[in-house]
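Here's the structure we're looking at; comments come further down.
The values are calculated or read from the model by the stated rules, or taken from the named source; none is laboratory data. Source: prediction; values computed, not measured. When we count neighbours, we look across all protein chains shown, and the Cβ atoms used for this are built from the backbone with ideal geometry, even at glycine. Protein only, heavy atoms only, side chains kept; ligands, DNA and RNA dropped before computing areas. Shrake-Rupley method; radii C 1.70, N 1.55, O 1.52, S 1.80 Å.
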Amino acid sequence: MMPLLDRRIEAKELEVLAAQYQRQVARGHPSTPTIFAYAKGMCRSKLADVQIGVRLLDELLQQEHNSQLAPKIVFWQAYGNARLRNYDRALALIDSLLLQDDSEERSQDLKAEIEGRMKKDALLGAAVIGTGAAVLAGIVGGLYLLRK
């Protein structure tokens, strides 16, 4: 099964959500379900769209923080932040959900995926730094030998 953070929305589906959202914006204020569906779709789209989706979810949560929709909004905020590699923020959001309901399997799965990606990115970063240090040492060593 494909990891949750790798699942993307189909372009046609996102177009439908965007059109519905834009129609409602043109009429005044879009409904909460429309904003949520569009923001969720944006979080599952390309990275430039994810930022917009997260911003919409942030604004929506301010309005809906006491509603039954709030945990779903927070889940998708965590998802979007994880896609943007804002792992600390994503984990904080998921942990807040798990404090309320630690049996929520989807949140547990997302947390495990985020933690795995954090480790992978940390190892990759360490490898890049190590390679850079080795190259720099080689250059410095080469320059030292040329001076002799």
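Some observations on this one:
- Point-to-point label distance, His29-Ala92, nm (Cα→Cβ direction, 7 Å offset): 2.8 nm
- Computed on protein heavy atoms with a 1.4 Å probe, the accessible areas place Leu99, Leu4 in the order Leu99, Leu4, largest first.
- Shape class for the stretch 47-93: oblate, because the ratio a/c of the largest to smallest gyration tensor axis (alpha-carbon atoms, square roots of eigenvalues) is 1.5 or more and b/c is at least a/b.
- Scaling against 2.2 N^0.38 Å puts the C-alpha radius of gyration of the stretch 38-123 at 1.03.
- A DSSP coil position with no more than 16 other Cβ atoms inside 10 Å describes the following trypsin sites (Lys or Arg not before Pro) in the stretch 1-95: Arg7, Arg8, Lys46, Arg85.
- Cross-link pairs beyond the 20 Å C-alpha cut-off, checked among Lys40/Lys120; Lys72/Lys120; Lys40/Lys72: Lys40/Lys120; Lys72/Lys120
- In Å², nearest 10: area of Asp101 left accessible to a 1.4 Å probe: 70 Å²
- Percent carbon-and-sulfur accessible area, the stretch 1-73, ignoring ligands, DNA and RNA, probe 1.4 Å: 54 percent
- Residue-normalised accessible area of the stretch 1-97, given per residue in Å² at a 1.4 Å probe: 55 Å²
- Among the GluC sites (Glu not before Pro) found in the stretch 1-79, those both in a DSSP coil and sparsely packed, with 15 or fewer other Cβ atoms within 10 Å of their Cβ, are Glu10.
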